[in-house]
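The values are calculated or read from the model by the stated rules, or taken from the named source; none is laboratory data. Everything quoted here is computed from the prediction, not taken from an experiment. Virtual Cβ from ideal backbone geometry, glycine too; neighbours counted across all protein chains shown. We work out accessible area using only protein heavy atoms, side chains counted, and drop any ligands, DNA or RNA first. Shrake-Rupley method; radii C 1.70, N 1.55, O 1.52, S 1.80 Å.
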Amino acid sequence: MPIHFPLRLVGSRMVAPSVRHLDFVRDDGQPLDFIPGQFIQVHFAYPDGTPTKRSYSLATMHDHALGPGDSVQIAVSFVAGGAATAIFTALEEGQNIEGSGPYGRFCLNNADANRRYLLVGTGTGVTPYRAMLPQLAQVMQQRGVEVLLFFGARTPAELIYGDDFYAFAAAHPNFRFVPCFSRELPAEPHPDVRRGYVQEALAEFAPNGEGDIAYLCGNPNMVDAAFEALKGYGLPVPHIRREKYVSSK
Ligand SMILES: Cc1cc2nc3c(=O)[nH]c(=O)nc-3n(C[C@H](O)[C@H](O)[C@H](O)COP(=O)(O)OP(=O)(O)OC[C@H]3O[C@@H](n4cnc5c(N)ncnc54)[C@H](O)[C@@H]3O)c2cc1C
């Protein structure tokens, strides 16, 4: 059984109409050492007492060269009738939940020698990319790799962490942020904004099997559609890394 630890909520804010950003610290005095792209699990019980768990990608932007930090940030998208949703909606600052981890291998690989990363996410599926920003800054500086981040959302109000990604793009010429809106465009769209689904926006940037490595995260339908599209452009399967947000119900 994995080691469980208490996580105490120290801050939170709504980052979209139905997405809550939650900032925890481990309440046992330990840091949570993680590799950007990994997730934690949250353990709780259904009202009838049956134990269950849910997974959440870590959103924390931390310079891991400085050692492990003590902030554990996640973004939870509220789902109607969801068991974990009920807990995260009601959780107040100072209260604890039980966590474990980190888990997962949806991480940048130091052995990669690609020319470009295509990072694709929908909704809270961009969370791991937020955590990767400090590492991406290093990789871009060290080997001049380009990074394109495609963010799929229905409306501008759902562009979670949009300010972080725009600020990072402004500071890093090799990083381009491409928000794709399926239902409504911003009043004054940035030149890199696109209308439609993320998987449709890929074509303009000519994905290619020679130089690209892709990461796909979030809605399972999007992950499958983008996976097929990228295979069609010639990306080898090991160069298309996937994290599907499926419910563990
Ligand atoms: C590796 C991994 C990482 C994840 N990271 C995140 C993350 O960073 N942020 C995040 O919000 N979620 C993330 N998820 C999904 C998360 O673990 C839960 O599945 C989600 O929060 C719903 O849990 P719930 O208990 O509220 O709903 P449940 O009680 O599991 O489901 C209630 C009902 O809603 C449906 N449902 C479940 N999820 C969705 C959905 N996304 N859209 C529409 N209907 C749905 C179910 O089919 C069910 O009918 C991740 C999943 C995995 C596997």
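Some points to look at:
- Which numbered condition VAL76 misses (of (1) open to solvent by 30 Å² or more (accessible area, probe 1.4 Å); (2) touching a Leu at 6+ places or on another chain (Cβ under 9 Å); (3) within 8 Å of the ligand (Cβ to nearest atom)): (1)
- Some residue of segment 155-167 being touching a residue at least 60 places away in the same chain (Cβ under 8 Å) and in contact with a Ser or Thr (Cβ under 6 Å, 6 or more places away or on another chain): no
- When segment 198-214 is filtered for residues that are in contact (Cβ under 8 Å) with a residue 60 or more places away in the chain and of a type in the set (S, T, N, Q), only GLN199 remains.
- The criterion of being open to solvent by less than 70 Å² (accessible area, probe 1.4 Å), away from the ligand (no atom under 16 Å from the Cβ) and in contact (Cβ under 8 Å) with a residue 24 or more places away in the chain does not hold for GLY218.
- The set of residues in segment 1-42 that are farther than 20 Å from THR89 by Cβ, assigned to a strand (DSSP E or B) and in contact with a His (Cβ under 9 Å, 6 or more places away or on another chain) contains only HIS4.
- Subset tally (residues that are over 17 Å from ASP27 (Cα atoms), open to solvent by 50 Å² or more (accessible area, probe 1.4 Å) and within 16 Å of the ligand (Cβ to nearest atom)) for segment 79-122: 9
- Some residue of segment 44-65 being in a helix (DSSP H, G or I) and open to solvent by 40 Å² or more (accessible area, probe 1.4 Å): yes
- Exactly one residue among GLU228, GLU184 is acidic (Asp, Glu), over 21 Å from THR60 (Cα atoms), open to solvent by 20 Å² or more (accessible area, probe 1.4 Å) and assigned to a loop (DSSP other than H, G, I, E, B), and that residue is GLU184.
- Helices (runs of 4 or more DSSP H) enclosed by segment 79-176 - at least 1 residues per element that are touching a helix residue (DSSP H, G or I) at 6+ places or on another chain (Cβ under 9 Å): 127-143, 162-171
- Looking across segment 238-249, the residues that are out of contact with any Pro (no Cβ under 8 Å at 6 or more places or on another chain) and either within 16 Å of the ligand (Cβ to nearest atom) or farther than 15 Å from LEU119 by Cα (or both) come down to ARG241, ARG242, SER247, SER248, LYS249.
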